[in-house]
1. Run down GLY105, GLY131 and say which single residue is more than 14 Å from the ligand (Cβ to nearest atom), in a loop (DSSP other than H, G, I, E, B) and more than 21 Å from the chain's Cα centre (by Cα).
2. Is there a residue being within 10 Å of the ligand (Cβ to nearest atom), surrounded by 15 or more Cβ atoms within 10 Å (Cβ to Cβ) and within 22 Å of GLN258 (Cα to Cα) anywhere in the stretch 136-156?
3. Report, by residue number, each residue of the stretch 199-218 that is assigned to a helix (DSSP H, G or I) and within 16 Å of the ligand (Cβ to nearest atom).
4. Give me the residue from the stretch 65-92 that is part of a helix (DSSP H, G or I) and surrounded by 20 or more Cβ atoms within 10 Å (Cβ to Cβ) and, out of that set, nearest to the ligand (Cβ to nearest atom).
5. Taking the stretch 247-267 on its own, how many of its residues are buried (at least 17 other Cβ atoms within 10 Å of the Cβ), of a type outside the set (Asp, Glu) and either more than 30 Å from MET97 (Cβ to Cβ) or away from the ligand (no atom under 12 Å from the Cβ) (or both)?
6. Between a residue in the stretch 239-252 that is assigned to a loop (DSSP other than H, G, I, E, B) and any residue that is of a type in the set (Ser, Thr, Tyr) and away from the ligand (no atom under 12 Å from the Cβ), which pairs come within a Cβ distance under 6 Å, given they are 6 or more apart or on different chains?
7. Taking the stretch 354-379, which residues are touching a strand residue (DSSP E or B) at 6+ places or on another chain (Cβ under 7 Å) and either surrounded by fewer than 11 Cβ atoms within 10 Å (Cβ to Cβ) or over 18 Å from ASP332 (Cα atoms) (or both)?
8. Under 9 Å between Cβ atoms, which residue pairs at least 6 apart in sequence (or on different chains) link something in the stretch 163-184 that is modelled with pLDDT of 95 or more and near the ligand (Cβ under 8 Å from one of its atoms) with a partner that is outside any loop (DSSP other than H, G, I, E, B) and of a type in the set (Phe, Trp, Tyr)?
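The values are calculated or read from the model by the stated rules, or taken from the named source; none is laboratory data. If you're wondering where the values come from, they're calculated on a predicted model, not measured in any experiment. Here the Cβ positions follow ideal geometry from the backbone for every residue, glycine too, while neighbour counts run over all protein chains shown.
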Amino acid sequence: MKVLLLLVAVGLCWAQYNPNVKSGRTAIVHLFEWRWADIALECERYLGPYGFGGVQISPPNENIIVTNPWRPWWERYQPISYKLCTRSGNENQFKDMVTRCNNVGVHIYVDAVINHMCGSGGGSGTHSTCGSYFNAGTKDFSAVPYSASDFNDGKCKTASGEIENYNDINQVRDCRLVGLLDLALEKDYVRSKIAEYMNRLIDIGVAGFRLDAAKHMWPGDIKAILDKLKNLNTQWFPAGTRPFIYQEVIDLGGEPIQGSQYFGNGRVTEFKYGAKLGTVIRKWNGEKMSYLKNWGEGWGFMPSDRSLVFVDNHDNQRGHGAGGASILTFWDPRLYKMAVAFMLAHPYGFTRIMSSYRWTRNFQNGKDVNDWIGPPSNSDGSTKAVTINADSTCGNDWVCEHRWRQIRNMVIFRNVVNGQPLSNWWDNGNNQVAFGRGNRGFIIFNNDDWYLNQNLQTGLPAGTYCDVISGQKEGSSCTGNQVHVAANGIANFQINNQAEDPFIAIHVDAKL
Ligand code: AAO
């Protein structure tokens, strides 16, 4: 009886922290700005077969259309209503995507923009993605409907109505974030309209939500909304499954609002993760990879089972949000692959991979003035399809980091070593480090400026393994380098510091 009660308690506690990925899957990918039709295809042809757990999608609800600058990506963070039509597709395409992805074991996580509506200067008319009328000046969003009394302006105490000081928690939560009309989330009516939107998505079959701008909402208001949410659709999820919740709270330290204040509601984005990992792999500020020995909570991060981690996100890959210049992105592919591989090999946190599009950068005084550029699009503003080249890379300026062999194979690595502890750590006191995951996998990096030649205990069964970074196992052969593990678990590793990818990863599913 006691055991049963404990199990029930553990089950309940796990609830909104459980990513709701199919058993054995461990990572999700943000397909930033992709069309629903392309995501459905990607689930079936790639993400399902290679063991990805899910997709974070761009906000699916109606947003303002911004034409100056021309159709920036960030217009999708300015809601007009909760109707499901955007540049990514309409409601039918959305439902088709969710169904087809769920059917191949890839779940959908919605970026929920519920803190605010469009900017106060958004004007009036029907320049919105489903053509709904709105008036930002009078705060009339008739397609919800919201009117002036559903916004926070009376509550905000700054003269400008804007957040002026991040050290004042009342401002951060009651005033406008960059001019965005701030919803009065203490009102039951507003909470109900948001919950109605999220419940519609749950009915369609989504597995969870990223809560955009959670720092700008009171934790208690978020809880009141979450308490109104249904359990997930039993067509794909066990009865009683709660939606997975991860809250976007930027907490690099130094502000009174802390990520931990949101743990009661669900997981929280750990922004220190990418900022620090970028600094280490770039070897800035005297950082070395050997210092990663106690990576995770040892670095002052939040508890692993409360965190959602990533190397870069759609904001900080282009200078928005937080993290600064240390953030690694696809623009620095060699270092980026090392960072993503380290993240996927390490047991800390629930991991999200970024999948981007290319744009023409234009740095002026250190700032990219093209940071607004939206997804690859046609002259009418419609988003271009994700085309797939013969070599399995993407066309039309979609970067598809998740399809890079090194990254995709590390997603598989993470699944293979799932549940195994970090073991057999080794480092040279500098930037050569290695570690295993129990008796399932082993990874080694050479980020120093000299050759690595080392015999190491891997913890793996004896045999010949295929390195999944330089290649992979195909049938009974290996397209990359091979590693021989002796009967005592020891293997010799050699990595040239000039190698295209100066790291090696082996796991038991890539044993020859
Ligand atoms: C656009 C235009 C604006 C215009 C507005 C309304 O760019 O000029 O006023 O429309 O018309 C995105 C874009 C925005 C865009 C917005 C709406 O990024 O440029 O505004 O859509 O279209 C804060 C929030 C965080 C937010 C982040 C960007 O706390 O929630 O800013 N991220 C999410 C989304 C994001 C989206 C929104 C929210 C809004 O991911 O895509 O905006 O829906 C400090 C604070 C952070 C704060 C940053 C940036 O960070 O701590 O909380 O993030 O400042 O303001 C060091 C510090 C670090 C500090 C950082 C930067 O690193 O350690 O703490 O410096 O100062």
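1. Of the residues listed, the single one that is more than 14 Å from the ligand (Cβ to nearest atom), in a loop (DSSP other than H, G, I, E, B) and more than 21 Å from the chain's Cα centre (by Cα) is GLY131.
2. Step one: of the stretch 136-156, the residues within 10 Å of the ligand (Cβ to nearest atom) are 136.
Checking the rest, the ones that are also surrounded by 15 or more Cβ atoms within 10 Å (Cβ to Cβ) come to 136.
So of that shortlist, the ones also within 22 Å of GLN258 (Cα to Cα) come out as none.
Looking through the stretch 136-156, none of the residues is within 10 Å of the ligand (Cβ to nearest atom), surrounded by 15 or more Cβ atoms within 10 Å (Cβ to Cβ) and within 22 Å of GLN258 (Cα to Cα).
3. We begin by selecting, within the stretch 199-218, every residue assigned to a helix (DSSP H, G or I); these are 199-204, 214-216.
ALA214, LYS215, HIS216, listed by residue number.
4. Within the stretch 65-92, the subset part of a helix (DSSP H, G or I) is 73-77, 91-92.
Those left that are additionally surrounded by 20 or more Cβ atoms within 10 Å (Cβ to Cβ): 73, 75-77.
Working: TRP73: 8, GLU75: 6, ARG76: 8, TYR77: 3 Å.
Step by step, filter the stretch 65-92, then rank; the result is TYR77.
5. 8
6. Every condition considered, the pairs that remain are VAL249/TYR262.
7. PRO375, PRO376, SER377
8. The qualifying pairs are LEU180/TYR77.
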